[in-house]
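To start, the structure under review is shown below, and the notes come after it.
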Amino acid sequence: MKIIMLGAPGAGKGTQAKQIAAKYGIPHISTGDIFRANLKEGTPLGLKAKEYMDKGLLVPDELTLDLIMDRFASDDCKNGYVLDGFPRTIPQAEALTKALEKNNDSIDFAIDVDVPDENIVKRMSGRRACVSCGATYHVVFNPPKTEGKCDNCGAELIQRADDKPETVLNRLSVYHKQTQPLIDYYKGFGKLKTVDGTKEMEEVFREIVSILEK
Ligand code: ADP
Ligand code: ADP
Ligand code: ZN
């Protein structure tokens with residue numbers, strides 16, 4: 001099963017993608033996580049990506065495509081994957097379609113997690129991430145058992161630099177300009193499914209499962 005998660009920054013793509021990956025035994029591939037891991041290790045790719053991420057801009061397509069095509073070549077992608085944060089531009093989507101077509105393959109579902117802009121800033125300002133395992137929390141909607149500590153591994157929880165309100169507004173405008181057109185792109189292929197992302201996490205997940213298992 002090959003699934004794409006679409007939606008604004010903070011819509012809940014990562015939260016849902018992790019659960020889909022666990023339930024169906026497919027890898028969760030987040031380009032944002034891969035960039036952040038590279039940054040943490042100080043690789044040239046990570047340092048280059050940081051210039052864009054800090055400003056709330058997208059990393060150039062070329063760099064992103066190199067990285068993702070490399071990831072698809074891994075063994076664990078044989079039975080599919082859930083993509084979170086990729087594709088984010090029409091050229092990225094076209095490159096993905098082409099790469100799959102080479103193997104007579106295509107995406108099964110593009111799931112748009114729909115959340116209006118008004119809710120996004122609140123979502124992002126409360127988001128906290130584990131420095132060690134990458135688990136995501138929300139100070140109000142999904143708090144950890146002990147404040148500031150990861151439930152999974154006990155490591156410290158931090159706010160991402162790009163989740164500060166100024167950067168969030170930039171990311172939202174980048175989303176509307178560069179990523180939202182993908183909704184029509186996948187609608188054109190008959191692959192688009194929309195879920196109401198303002199519902200509670202468990203409810204959103206139930207809705208997604210019912211789409212995948214229809
Ligand atoms: P969010 O989970 O809030 O949507 P991500 O973790 O997916 O954010 O992405 C963080 C940042 O990483 C983006 O703002 C962008 O700079 C960069 N990034 C992630 N995926 C891509 C992509 N497919 N193309 C270009 N830039 C990307
Ligand atoms: P994305 O990957 O789309 O950027 P995340 O999955 O990281 O979004 O979610 C953004 C923030 O909102 C996180 O703090 C997460 O815990 C919280 N969140 C996710 N889904 C919901 C939901 N349905 N209701 C309330 N908060 C949510
Ligand atoms: Zn952790």
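The values are calculated or read from the model by the stated rules, or taken from the named source; none is laboratory data. Nothing here was measured: the structure is a model prediction, and the numbers come from that model. Positions of Cβ are backbone-derived with ideal geometry, glycine not excepted, and every protein chain shown enters the neighbour counts. Accessible surface is based on the protein model in full, side chains and every heavy atom, while ligands, DNA and RNA are left aside. Shrake-Rupley method; radii C 1.70, N 1.55, O 1.52, S 1.80 Å.
Below is a table of values for the structure above.
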quantity: Selection status of K18, under 14 Å from V204 (Cβ atoms) and away from ligand 3 (no atom under 16 Å from the Cβ); calculated: no
quantity: Only listed residue being more than 15 Å from ligand 2 (Cβ to nearest atom), within 24 Å of R206 (Cβ to Cβ), open to solvent by less than 30 Å² (accessible area, probe 1.4 Å) and hydrophobic (A, V, I, L, M, F, W, C), chosen from I111, I120, I107; calculated: I107
quantity: Residues located in segment 25-46, provided they are touching a helix residue (DSSP H, G or I) at 6+ places or on another chain (Cβ under 7 Å), free of Cβ contacts under 8 Å to residues at least 40 places away in the same chain and aliphatic (A, V, I, L, M); calculated: I34, L39, L45
quantity: Any hit, segment 4-15, residues being open to solvent by 60 Å² or more (accessible area, probe 1.4 Å), farther than 21 Å from A93 by Cα and either within 16 Å of ligand 3 (Cβ to nearest atom) or touching a Leu at 6+ places or on another chain (Cβ under 9 Å) (or both); calculated: no
quantity: Some residue of segment 65-88 being within 16 Å of ligand 2 (Cβ to nearest atom), buried (at least 20 other Cβ atoms within 10 Å of the Cβ) and part of a helix (DSSP H, G or I); calculated: no
quantity: Single match in R160, R171, R128 (criterion: within 13 Å of ligand 2 (Cβ to nearest atom) and at pLDDT below 95); calculated: R160
quantity: Single residue of segment 134-191 satisfying the filter (away from ligand 1 (no atom under 11 Å from the Cβ), part of a loop (DSSP other than H, G, I, E, B) and among the small types (G, A, S)) that is surrounded by the fewest Cβ atoms within 10 Å (Cβ to Cβ); calculated: G190
quantity: Meets criteria (closer than 22 Å to L39 by Cα and out of contact with any strand residue (DSSP E or B) (no Cβ under 7 Å at 6 or more places or on another chain)) for D151; calculated: no
quantity: Test: residue in segment 94-103 that is open to solvent by less than 10 Å² (accessible area, probe 1.4 Å), of a type outside the set (D, E, K, R) and under 17 Å from I183 (Cβ atoms); calculated: yes
quantity: Hits in segment 25-59 (condition: outside any helix (DSSP H, G or I), under 17 Å from R171 (Cβ atoms) and open to solvent by 50 Å² or more (accessible area, probe 1.4 Å)); calculated: D54, K55, L57
quantity: Per-region count, segment 1-18, residues touching a strand residue (DSSP E or B) at 6+ places or on another chain (Cβ under 9 Å) and under 17 Å from Y137 (Cα atoms); calculated: 9
quantity: Long-range neighbours under 8 Å by Cβ, at least six apart or interchain, first residue touching a residue at least 40 places away in the same chain (Cβ under 8 Å) and closer than 17 Å to G56 by Cα within segment 1-21, second open to solvent by less than 20 Å² (accessible area, probe 1.4 Å) and in a loop (DSSP other than H, G, I, E, B); calculated: G7/V115; G7/G197; A8/V115; G10/V115; A11/V115; A11/G197
quantity: Members of segment 131-157 that are within 12 Å of ligand 2 (Cβ to nearest atom), of a type outside the set (F, W, Y), out of contact with any Phe, Trp or Tyr (no Cβ under 9 Å at 6 or more places or on another chain) and farther than 30 Å from I90 by Cα; calculated: H138, V139, V140, N142
